[in-house]
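Here's the structure we're looking at; comments come further down.
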Amino acid sequence: MERYSVNPDAVGTPTAQVPPMPAHPAPAKPPPVTASQRDRRDVREAWEMALRRKKWVRWIVSWLPHRLTIAIRSLLRLEHLVIAKVRHRWHRSLQLRVVGTTLVISATMIAILGFFLTEQINDGLLVNAETSARAQVLTALNTARSLPDLNQQPASGQSAMQFMRKTGQLLQPTNGTASYTVVVAPSANLAEQAGVPQWATSIAAGASLPAALLDEVQQEQTEVRNGKVENLLFYTPTALTFDGQRSGTPAIAFGVPLGNWYQLYFVFPLNDEQQTLQLVQTTLIGVGIALVALLAAIASLVTRWVVLPVRHAARAAQRLSDGHLEERMTVGGADDLAALATSFNDMAISLQEKLFQLEELSKAQRQFVSDVSHELRTPMTTIRMAAEILFESREDLDAAAARSAELLQSQIERFEVLLTDLLEISRHDSNVATLDPEPADVSDIVRRSADDAQQLAERRGCRIEFRLPAAACMAEVDRRRVERILRNLLVNAVEHGEGRDVVVTVAADMNAVAIAVRDHGVGLAAGEEQLVFERFWRADPARARTTGGTGLGLAIALEDARLHGGWLQAWGEKGRGSVFRLTLPRTAGEPLAGSPLPLGPDEAEVIPTAVTRLEADLAGGARG
């Protein structure tokens with residue numbers, strides 16, 4: 001006899017024939033992978049594979065050392081893990097989203113307002129500095145214009161240098177109220193004479209005075225010599241630089257012609273204005289940070305007032321859905337959240353009352369069914385005894401009476417089966433059904449359960465094919481209940497198999513055993529895989545139950561499977577038959593993680609079907 005082995009995790013994979021396994025201890029199973037770990041692994045592999053598909057990435061990796069590549073990959077995985085955790089936390093926490101959004105919006109608005117405020121303060125300080133500097137320049141200019149020998153051409157370079165130094169010393173402020181530097185320069189014509197210095201000042205005038213200012217002052221002086229009456233005052237931003245310095249401090253440079261032979265420049269440093277602006281900026285940044293933190297704290301506090309009752313409501317709803325019908329929310333105040341808690345409590349009370357009424361009604365119905373079933377047994381026994389007497393003496397009756405006796409006997413038998421099923425389903429509904437597990441060979445139970453179905457199959461002209469493993473499939477099961485499940489599945493398979501053979505397959509792994517019953521009859525329509533287990537459900541309401549079915553067989557079979565902690569599942573397609581798979585744990589009470597058999601047709605059936613369809617398509621194409 002052949003042995004079948006199937007991967008328990010590959011549900012839906014065709015079975016394959018393998019030789020008997022050697023008798024050695026099975027290796028330890030790795031710890032199961034949770035769904036979240038599997039999702040993270042799939043996501044990680046997805047982005048890694050997408051990154052590796054890029055040519056430039058492969059080119060860079062080919063030039064990098066192996067250890068550096070491993071380090072970069074570890075950093076990328078850590079980055080993706082952190083981002084995934086932050087994203088998960090962001091989507092799960094309403095309070096975090098509100099506080100984060102408040103922080104971003106408030107920080108952006110405060111930054112924009114601080115920028116405009118700083119610009120306004122900066123412009124105001126510059127205007128004040130320019131106004132004060134202009135007044136000081138005009139005062140110094142009036143003093144310089146009163147000097148003797150201002151408009152006389154110097155006789156030599158030495159006399160020009162003395163005049164320039166004398167003017168600079170005279171105009172340089174000596175008190176602490178004014179702070180500027182005076183630069184006296186010769187005109188372009190005077191600078192061509194020998195011995196005339198370029199500047200008379202204590203700063204690096206070439207670096208401190210912009211070339212554009214020098215050109216404008218020189219042009220203004222030329223126009224004044226040609227007869228222009230008005231004398232303009234020029235100024236521009238600059239950097240005050242001393243000899244030996246690479247960078248200067250912000251300043252304002254003023255320039256004006258001084259007579260026909262000299263030019264006068266004033267450089268006003270903006271140290272005080274810069275310090276004031278830095279103080280304002282520091283104050284604004286500190287106030288902005290404090291304001292953002294305060295807004296975040298307020299948003300967190302306000303959101304917490306709203307989120308906490310919502311969390312309590314969600315937790316209470318979860319406990320209510322878990323069956324804790326006494327769960328209630330604390331009502332405080334008279335606001336909207338208090339109205340929510342009151343409405344939730346009213347709903348919970350109403351739900352508890354409705355469920356209690358339904359439970360009482362269900363108990364009454366189950367008790368009624370049980371009582372009726374018990375009460376019907378006594379008169380049913382009497383009727384059966386009378387029917388048996390009529391049935392045994394049917395040969396002495398005429399044809400019509402004999403036929404009536406036969407029909408009465410068969411219907412009484414069916415009625416007894418119905419009473420038995422009603423009693424059994426009432427035990428399941430009342431949660432009084434008990435399980436008596438014992439070690440048993442599932443293959444032996446399958447053979448014993450097929451006796452009734454074998455007789456029916458012979459009358460239908462079909463046979464039941466068994467595909468059993470060579471070794472024993474031991475499991476802790478309730479023999480009576482498993483045999484009842486299999487008898488029901490086999491009888492249904494023969495009855496709905498349209499005269500075709502029925503295949504019964506048994507397989508096992510370390511944790512579970514499975515029995516699959518395959519028929520090739522009318523099959524099941526889409527969505528009927530669950531309806532078939534409902535009580536008194538028929539796929540075709542017009543079809544008569546010729547074998548005495550009560551409509552409760554699959555419902556009782558499903559309850560028996562659940563009592564074992566197992567599964568009873570169905571698959572089917574119209575015209576391709578159906579598969580009913582029973583999966584039971586090898587040890588009573590152990591949870592199931594998978595089934596040793598796929599839920600569907602095996603490979604031996606799928607491949608010929610696909611070949612037939614392909615041949616039909618090719619034939620149709622040839623005809624076209």
Output for Cβ contacts, cut-off 8 Å, separation at least six or different chains, first residue loosely packed, with under 15 Cβ neighbours inside 10 Å in region 197-225, second β-branched (Val, Ile, Thr) and not in a helix (DSSP H, G or I), reads 202/181; 212/236
Listed by first then second residue, the pairs whose first member lies in region 244-257 and is without any contact (Cβ under 8 Å) to a residue 12 or more places away in the chain and farther than 26 Å from residue 222 by Cβ, whose partner is open to solvent by less than 30 Å² (accessible area, probe 1.4 Å) and of a type in the set (S, T, N, Q), with beta carbons under 8 Å and at least 6 positions apart or on separate chains, are 247/241
Flagged in region 306-364 as among the β-branched types (Val, Ile, Thr), part of a loop (DSSP other than H, G, I, E, B) and surrounded by 14 or more Cβ atoms within 10 Å (Cβ to Cβ), in numbering order, are 331
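How many of the residues making up region 480-501 are on the phi > 0 side of the Ramachandran plot and open to solvent by less than 40 Å² (accessible area, probe 1.4 Å)? Can you show your working first?
Initially, region 480-501 is screened for residues on the phi > 0 side of the Ramachandran plot, giving 498-499.
Adding the requirement that they be open to solvent by less than 40 Å² (accessible area, probe 1.4 Å) leaves 499.
Looking only at that region, the number is 1.
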Taking region 156-175 and keeping residues assigned to a loop (DSSP other than H, G, I, E, B) and open to solvent by 100 Å² or more (accessible area, probe 1.4 Å) leaves 174
Every listed condition ((1) closer than 30 Å to residue 360 by Cα; (2) touching a Cys at 6+ places or on another chain (Cβ under 8 Å); (3) acidic (Asp, Glu)) holds for residue 441 save (1)
Note: among 264, 214, just one is within 25 Å of residue 170 (Cβ to Cβ), in contact with a Gly (Cβ under 8 Å, 6 or more places away or on another chain) and in a helix (DSSP H, G or I), namely 214
Okay, helices (runs of 4 or more DSSP H) sitting entirely in region 39-153 with 2 or more residues that are open to solvent by less than 80 Å² (accessible area, probe 1.4 Å), touching a residue at least 24 places away in the same chain (Cβ under 8 Å) and in contact with a Leu (Cβ under 9 Å, 6 or more places away or on another chain), I get 94-145
Residue pairs within 8 Å by beta carbon, gap of at least six or interchain, first lying in region 320-339 and farther than 30 Å from residue 359 by Cβ, second in a loop (DSSP other than H, G, I, E, B) and open to solvent by 70 Å² or more (accessible area, probe 1.4 Å), listed first then second, are 338/331
Practice prompt. With the condition kept exactly as written, say whether any residue in region 504-526 is in contact (Cβ under 8 Å) with a residue 12 or more places away in the chain, open to solvent by 50 Å² or more (accessible area, probe 1.4 Å) and in contact with a helix residue (DSSP H, G or I) (Cβ under 6 Å, 6 or more places away or on another chain).
Written response: no
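Anything in region 176-196 that is open to solvent by 30 Å² or more (accessible area, probe 1.4 Å) and of a type in the set (A, V, I, L, M, F, W, C)? List them, or say none. Steps first, answer last, please.
Within region 176-196, the subset open to solvent by 30 Å² or more (accessible area, probe 1.4 Å) is 176-177, 179, 188-189, 191-195.
If the condition is that a residue be open to solvent by 30 Å² or more (accessible area, probe 1.4 Å) and of a type in the set (A, V, I, L, M, F, W, C), then 188, 191, 194 are the ones that fit.
Taking region 226-260 as the search range and keeping residues that are hydrophobic (A, V, I, L, M, F, W, C) and open to solvent by 30 Å² or more (accessible area, probe 1.4 Å), which one is farthest from residue 204 (Cα to Cα)?
Just the residues of region 226-260 that are hydrophobic (A, V, I, L, M, F, W, C), to begin with: 229, 232-234, 239-240, 242, 251-254, 256, 258.
Next, from what is left, pick out any that are open to solvent by 30 Å² or more (accessible area, probe 1.4 Å): 229, 232-234, 239, 242.
Values: 229: 32, 232: 25, 233: 22, 234: 20, 239: 10, 242: 5 Å.
Filtering region 226-260 for residues that are hydrophobic (A, V, I, L, M, F, W, C) and open to solvent by 30 Å² or more (accessible area, probe 1.4 Å), the one farthest from residue 204 (Cα to Cα) comes out as 229.
The values are calculated or read from the model by the stated rules, or taken from the named source; none is laboratory data. Please read these numbers as outputs of a predicted model, since none were measured by experiment. We place every Cβ from the backbone using ideal geometry, glycine too, and count neighbours over all the protein chains shown. Surface accessibility is based on the protein's heavy atoms, side chains included, excluding ligands, DNA and RNA. Shrake-Rupley method; radii C 1.70, N 1.55, O 1.52, S 1.80 Å.
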